[in-house]
Structures are given as structure tokens and as C-alpha cells.
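Following: one structure in C-alpha cells, then a few remarks.
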Amino acid sequence: MNAEAPLIEIEDLSVRFNTPTRIVHAVRSLSLTLGREKLAIVGESGSGKSMTGRAILDLVPWPGEVRAKRLTFKGADLLTMNRKARAALRGRNISMVMQDPKFSLNPVMSVGRQIAEGYRAHQKVSAAEARDRSLAMLEAVQIREPGRVFDLYPHEVSGGMGQRVMIAMMLIAEPDVLIADEPTSALDVTVQAQILDILDRLVSERGMGLIFISHDLPLVSSFCDRVVVMYAGKVVETLQARDLARGQHPYTQGLLGCLPDLDRPKERLAALKRDAAWAEA
């Protein structure tokens, strides 16, 4: 990570939901920093990965409650910032690509119009200028015939193209931070490689910070710079991505042990054995 000040600083972040029967702790005492780098957050479903991204964006749904000792973006305190100012950061300075474009795109609006609308929400430009900018962004995420795709509806595009449309929509305002929640999980290997190449190029060219939420340990070990491993809402280990295979925490080792290895095939994959103490450590 660069020596310059972090883009995002989080200290002792907690997200909990008060239900009629109990309190559910989705994120517990999480601390991390993000520079102009690719930071992965990995762990099982329910470990708090996506909820961490939503907490940064102030998108935790009711009855969720977010608390932290420190939560800043480029030094600005997000905890004391008023709702209007924080909402203005969303999309313009910090964007999030959701996991499945089918549930994130408006089905009754063309994809190009949705990109342009997002741009005009943050920039005072004409409809014609927003269209030109949207076409340029579609081209930037390697969509052929952007003029044709601009007028398509979400059901008319493939999963890979829909994911590129989402990335274009989130990047058109040139944010400083992009949170990508499982952006390649539903894509085939070829399209996945193309999406990763786009993200890598945009991070390096624009100097963005990327939070890459994923289940795919081999992918993040080769694509990202650092990895945060989460279990039951807590960070159990943070290490350089290239060192992920040598992770020390039993949970990290357990996740790695569950993966098939074509070079050293096993008769039976290991089952992850959990320890209640991991959640309390």
C-alpha cells in the first residue's frame, strides 16, 4: 500500500440487527484500512463481507445498527457527516457493484439510460453529454457496439455484459473507491478474466481503491494486493495476497483445505472444522 493517507479507515466497526427474539451481530469489531490498492475480503456466506461494504456506504437496512470508533473517507468522518452529505458521496466518491445485475438493474429502463441517469445525478450536464459519456464508459468496459447496447434492456444482455454495464454505471462518476461484491461469481472463466482485467486496469490507471468481496481464494491470491479473512463477522487474519496459501489462522487453513487441487488430488476434500473461540478472539 502507498505511504499516502488511506482512502478509507475503519476502527472497531460493528453492525448488529435487533430482532424480536435476539440480537444478530453481523460485523464485530472490524478494523481495516484501504489505500489505492486491491483489497480482498474473503470468508463464508454470512461472515460479514457484504455487510461491511454496505456499512461504508450507509446502506445497512433497518433494523440494522452501525457503530464504530472510526469510519473515515479521505479523512472525513462518515459517522458525524449528515445524511445528505454522506449520500452525496455514494456513487460520486464511493461506488458498489452488486453481485447480480439482474437484481440491481431497473428492468423497465434501457441500460444506457440507467448509466446516463446515474451520471446526471452527480454531474450537471445535458442529456446529450450524459449519453456521450455513457457510450464512452460502455466502450471502456470492452462492450462492442456500445450504441446498440445503450438501447437494450437488462433482460436482453448476457450475465457478463450485465456485469460490465454495472461496472460502467458505478465508474462513470470516477469514484475514488469501488466496492465489488462477488462481481465474477456467476460468470464463466473467459468472461471472468475479462472483468478482472477491466477492474485491474481501471484501478491502476485511475488510482482507485478496490474492495473485492469474494469466496474465491485462488482468484484473490493472484488478483489482489492484500486479503482480509472474516469469520462470524470478525477479521481473523490480514495478510498479503501472495501469502494467502501460507495463512496461519486455522480458519484460513481450513478454507484452503476445502479446495480441490488438480496437481495433488485428494480422495476426499477436507470438511471445515469450526471453533467457537474464533468468533470471540
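A few comments on the model shown:
- Helix-only CD estimate at 222 nm, as mean residue ellipticity for the chain, using -39500 (n - 2.57) per DSSP H run (n ≥ 4): -9500 deg cm²/dmol
- Look at the alpha carbon pairs under 8 Å that are at least 6 residues apart: their mean separation over the length of the chain gives a relative contact order of 23 percent.
- Length added when fully stretched, ARG246-GLN123, from 0.36 nm per residue minus Cα-Cα: 39.7 nm
- Assigned charges on the beta-carbon of Lys, Arg, Asp, Glu; segment 100-174 dipole about Cα centre (debye): 60
- Listed residues VAL189, VAL42, VAL157, most fluctuating in the chain (Gaussian network, C-alpha, under 10 Å): VAL189
- Signed unit charges on C-beta, dipole axis of the chain, positive-most listed residue GLY207, ILE8, ALA88: ALA88
- Charge dipole (the chain, unit charges on Cβ, about Cα centre) - positive-most of MET98, GLY112, VAL24: VAL24
- Shown is the FRET efficiency for ARG70 and LEU272, computed with R0 = 35 Å from the Cβ-Cβ distance and rounded to the nearest 0.05: 0.60.
- Spatial offset of segment 208-281 relative to segment 129-176 amounts to 33 Å, using the alpha carbon center of each.
- Were the residues from LEU152 through PHE17 laid out at 0.36 nm apart, the gain over their Cα-Cα distance would be 44.7 nm.
- Paramagnetic reach from MET109 in segment 158-189 [backbone N under 13 Å; point 7 Å along Cα→Cβ]: 169-170
Readers should treat all values here as calculations from the given coordinates under stated rules, not as data from a laboratory. Treat the numbers as computed from the prediction; the structure is a model and nothing was measured. Neighbour counts are summed over all protein chains in view; Cβ atoms, including those assigned to glycine, are modelled from backbone coordinates with ideal geometry.
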